[in-house]
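Taking it in order: structure first as structure tokens, then the write-up.
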Amino acid sequence: MSGFLDNCSMPKCDCIELGERRNMVVAIISGIMFFTGWWMVIDAAAIYPEQKDFNHAFHTPGAISTIAFFIINSVSNGQIRGDSYTTGCIGQTGARVWLFLGFLLAFGSLIAASWILFGFYVVHFVEPDWPGIAVFLQNALIFFSALVFKFGRTEDLWG
């Protein structure tokens, strides 16, 4: 019973085969998502500059999410699997811990953004609510941008 799905495979879709352009397309999509997230929160900060409308401390999850983006994508998939040519200064276990730390920061930022949106804007019916929505969308877009950039690229095309 353990291997009954071994012979099943997903149908191959030739309409989205990108070939050598895969890394470029993924980088563009990830960059657009990252840019859009920051653009939304900059827009909210420009429209509502007052502390009572948009608390300036609400920028913290976005900054931490940006740091998490760089932490997640600073380790190659080869280092995680142990396929890299050199072990580096921390080795495979250190690379896995580093990636785990990046995901912890990313999830924590997304949870903090959800708490800001619901805890400060939705529950208390605070108007305007666009700053809370912008903070949540910023962190969600940066998180998905990190995932797309990490897992959408292929290392075979780097050579």
State which residue pairs qualify: first residue more than 21 Å from Ile116 (Cβ to Cβ) and inside region 138-154, second residue assigned to a helix (DSSP H, G or I) and hydrophobic (A, V, I, L, M, F, W, C) in any location, beta carbons under 7 Å apart, and separation of 6 or more residues or different chains.
-> Val148/Val26; Val148/Ile29; Val148/Met33; Phe149/Val26; Phe149/Ala27; Lys150/Ile72; Gly152/Val26; Arg153/Val26
Taking region 130-159 on its own, how many of its residues are closer than 13 Å to Val41 by Cα and touching a Leu at 6+ places or on another chain (Cβ under 8 Å)?
-> 6
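The rows are residues; the columns are (1) part of a helix (DSSP H, G or I); (2) farther than 29 Å from Ile28 by Cα.
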| residue | (1), (2) |
| --- | --- |
| Gly78 | yes, no |
| Asp83 | no, no |
| Ala95 | yes, no |
| Val126 | no, yes |
| Pro131 | yes, no |
| Ala134 | yes, no |
For Phe103, state whether it is more than 22 Å from Gly31 (Cβ to Cβ) and surrounded by 13 or more Cβ atoms within 10 Å (Cβ to Cβ).
-> no
Quick count over region 8-51, residues being in a helix (DSSP H, G or I) and either under 20 Å from Phe151 (Cβ atoms) or at pLDDT below 95 (or both), is 22
Out of curiosity, is Ser109 within 20 Å of Ser30 (Cβ to Cβ), touching a residue at least 12 places away in the same chain (Cβ under 8 Å) and not acidic (Asp, Glu)?
-> yes
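The values are calculated or read from the model by the stated rules, or taken from the named source; none is laboratory data. Since the model is a prediction, treat every value here as computed from it, not as a measurement. Here Cβ is always computed from backbone atoms with ideal geometry, including for glycine, and neighbour counts include all displayed protein chains.
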